[in-house]
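Working notes, structure below.
We did not get these values from a lab; they are worked out from the coordinates using the rules stated. Quantities reported herein were computed from a predicted structural model and do not represent experimental measurements. So basically every Cβ, Gly included, is an ideal-geometry build from the backbone, and we count neighbours across all protein chains shown.
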Amino acid sequence: MILAIVPVLLITLLIGARGVAAMRTTSDFLVASRRISPTVNAAAVSGEYLSAASFLGIAGLVVKDGIGSLWYAVGFAAGYVAMLTLVAAPMRRTGALTVPDFAEARLGSPGLRKLSAVVVLVIGYLYLVPQFTAAGQVLGVVSGSPYWVGVVIAGAAVSITLALGGMRAATYVQAFQFVLKLALFIVPAIWLVLQVGPDTRRDALTPVEFSRFDAVTRVQFQLDTELTVTEPTRVTTADGERELAPGEYAVEGGQTWVFPAGADVPRVGAAGPPGGPDWARPLLDPGGHPVLATWSVLVATVLGTMGLPHILIRFHTSPDGRGARRTAAITVGMLGVFYLFPAVYGLLGAVLLPELYLSGGTDTVVVALPARVDGSWVGTMFTALLTAGAFAAFLATSLGLLLAVSGALSHDLVPSTLRRLRFTPLVAALGVVLLALPAARVDVGVLVTSAFAVAASTFCPLLVLGIWWRRLTAHGAIVGMVTGLIASAGVIGVDLFLGAPPGLAAIVLGQPALWSVPLAFATMVLVSLRGRPPAWASAAMLRLHLDESEPRPR
Amino acid sequence: MRQQRRVTVTSPQTRLALAGRRSGAPAAPPHLAPADAERARRIHRRQLRYALTVLAMLAALLLGLPLLLAAVPALDTVRLAGIPVSWLAVAVLPYPLLVLLARWQLRRAERTERPEPGGSQVSR
């Protein structure tokens with residue numbers, strides 16, 4: 001099954017290697033000469049954006065948490081409407097490559113530039129770690145290799161590609177990978193729907209709570225898991241058969257337990273099993289406040305999109321502001337097509353592979369489905385195709401993110417030369433691998449949404465106010481961004497390391513966007529109003545709204 | 001005001017950073033000719049108004065839909081082609097609406113930038 005990934009890697013490396021010849025300056029390395037049509041660029045944006053969180057994570061969350069998880073996909077796509085409306089064209093016109101560049105161009109503050117670079121690192125790592133986690137898990141499922149092998153292979157592939165080709169390579173790689181991912185996601189989905197037969201299709205649409213095993217079921221525990229058994233159950237483990245009395249059981253990762261048909265399904269954690277009445281509700285509901293929880297995810301994803309460093313830099317490959325705006329508009333349509341399909345995998349997975357809920361491997365539901373539906377070579381082939389797609393998704397996003405992170409490191413935090421920039425990705429990738437190794441347990445989709453929440457609470461107010469409000473001051477921007485960073489990243493960190501409290505606090509801490517974004521905006525506005533922007537601030541803002549095709553002084 | 005010249009596609013800020021001249025203020029503070037500034041002010045005001053209406057519609061869609069689904073649980077039992085309507089409202093309905101919204105906003109934003117309708121705008 002590893003063979004499925006090799007072609008993706010080879011093509012990526014090939015396109016990457018071809019880019020080297022044309023690369024001359026740092027600016028070539030970063031933005032590929034800016035001669036790319038809006039459609040190609042939109043494909044590249046979508047290719048970069050559709051990460052393992054979209055390809056694997058959403059379907060996995062549907063199996064685990066229910067239909068409400070589809071709101072993540074809605075937010076991921078709707079972010080580009082906000083991007084189109086507020087940021088795309090003016091941001092392109094600043095000529096700034098990254099948010100740190102923008103901060104210095106608009107507000108003339110080197111301190112703000114450094115702070116922005118630090119935020120790029122925070123967002124980049126929050127986004128990169130789950131990508132590598134997903135790659136490690138998928139490789140583990142399809143090849144049986146240990147988790148760390150997958151993570152290390154992933155890190156090597158990404159950093160070599162970047163060091164060889166830079167972004168010129170990444171632009172073509174991304175556009176190619178969007179088409180690849182779209183095909184590799186849609187075709188297997190249609191095949192699955194046709195293959196499963198009318199009974200399974202009906203079951204998928206009329207969910208029944210997963211409370212008894214329909215057949216003898218092997219559960220491969222990926223990670224250490226706490227099970228709650230509610231009635232006496234006979235299971236077969238590596239040590240032979242044993243009778244479980246009701247109570248709590250700790251299962252070590254790597255074990256395989258076989259449950260007999262008709263046995264009661266043990267509980268895992270606080271969440272209900274797939275198919276229950278809460279599961280079927282189309283709202284996110286971690287703590288009894290479904291509307292607030294759903295809104296919070298939507299605010300984070302919609303407003304966070306415009307602050308994602310790897311996406312922003314991609315808009316600079318448009319020739320002008322108008323091209324950047326068209327790119328954003330086309331991207332909405334392209335993503336809309338892709339996001340119709342995670343629901344298919346999620347619904348079929350909840351019916352056919354509900355035991356993933358026990359084993360903690362819901363993020364692998366997409367690649368596990370074909371083999372469950374068809375045991376012959378056809379199923380194996382579709383597993384191979386989906387694995388290739390998932391790896392492409394991982395690769396595409398990681399390439400862009402590592403570029404953004406290494407750009408922030410070598411451009412903004414340390415003065416740089418081209419040579420240094422080519423090797424920074426290696427260092428950055430090594431850091432991600434080291435962080436991903438102990439992070440096997442996190443949900444890909446959830447951690448990625450944290451990255452969105454941080455972006456929404458820091459860069460979103462900076463960009464929106466910087467572009468539309470002439471009275472923004474550097475001081476206000478700094479105070480607002482620090483507030484937003486603490487309110488989002490700090491709170492998410494507390495939630496991750498100390499565990500989520502129940503009820504309303506789970507939303508307040510786990511998905512802080514609903515309050516941290518308004519807080520960051522308010523801080524930025526209030527602190528700015530107390531200061532005075534420099535005399536040129538008005539011109540610095542207004543020129544962002546002038547079409548470049550008009551003759552104007554530079 | 002600098003004269004027009006062929007430049008590499010590096011941003012001024014990046015060149016500044018690369019040259020190691022990491023001074024506080026931008027090399028030359030941004031400056032607009034009075035006519036341009038007037039035009040920019042007009043465009044900015046109108047674009048801001050358009051942007052706010054689109055954002056209001058986006059918010060109405062994305063915040064209103066969960067509220068509706070929470071308020072009317074009966075939508076879970078109404079089925080269209082066998083699929084609960086409330087599921088369709090999350091999985092399918094938002095995407096065409098988002099595309100329409102994006103198209104509408106793109107049209108209006110581009111029209112605003114054109115100085116005169118049908119003027120001699122060179123398209124690239």
The FRET efficiency for A:Ile190 and B:Arg41, from their Cβ-Cβ distance with R0 = 45 Å and rounded to 0.05, is 0.30
For B:Glu110 and A:Thr380, extending 7 Å from Cα along the Cα-Cβ vector and measuring point to point gives, in nm, a value of 5.0 nm
Note on region B:37-113: contact order normalised by length, alpha-carbon pairs under 8 Å, 6 or more apart, percent, works out to 40 percent
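Would you mind ranking A:Thr327, A:Thr236 by Cβ crowding within 10 Å, fewest neighbours first?
A:Thr236, A:Thr327
Can you put A:Ser143, A:Ser450, A:Ser359 in order, fewest other beta carbons within 10 Å first?
Working: A:Ser143 16, A:Ser450 28, A:Ser359 22.
Going from sparsest to densest Cβ surroundings: A:Ser143, A:Ser359, A:Ser450.
Rank the residues A:Lys64, A:Lys114, A:Lys181 as a footprinting-exposure proxy: fewest other Cβ atoms within 10 Å of their Cβ go first. Write down the numbers at each step before the final one.
Numbers: A:Lys64 27, A:Lys114 18, A:Lys181 23.
The order, fewest Cβ neighbours first, is A:Lys114, A:Lys181, A:Lys64.
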With x for Gly and Pro, the residue-by-residue ³J(HN,Hα) of region A:352-363, computed from phi through the Karplus equation 6.51 cos²θ - 1.76 cosθ + 1.60 at θ = phi - 60° and given in whole Hz, is 8, 10, x, 5, 4, 4, 6, 7, x, x, 4, 5
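I want the local charge near A:Ala43. Using Cβ-Cβ distances under 12 Å, sum +1 for each Lys or Arg and -1 for each Asp or Glu among the other residues.
+1
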In nm, the gap between the two label points placed 7 Å beyond Cα toward Cβ at B:Val78 and A:Asp278 is 2.7 nm
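With r as the distance between the Cβ atoms of B:Leu93 and A:Leu413 and R0 = 51 Å, compute the FRET efficiency 1/(1 + (r/R0)^6) and round to 0.05. Walk me through the intermediate numbers first.
Details: r = 44 Å, r/R0 = 0.87.
After rounding, the FRET efficiency stands at 0.70.
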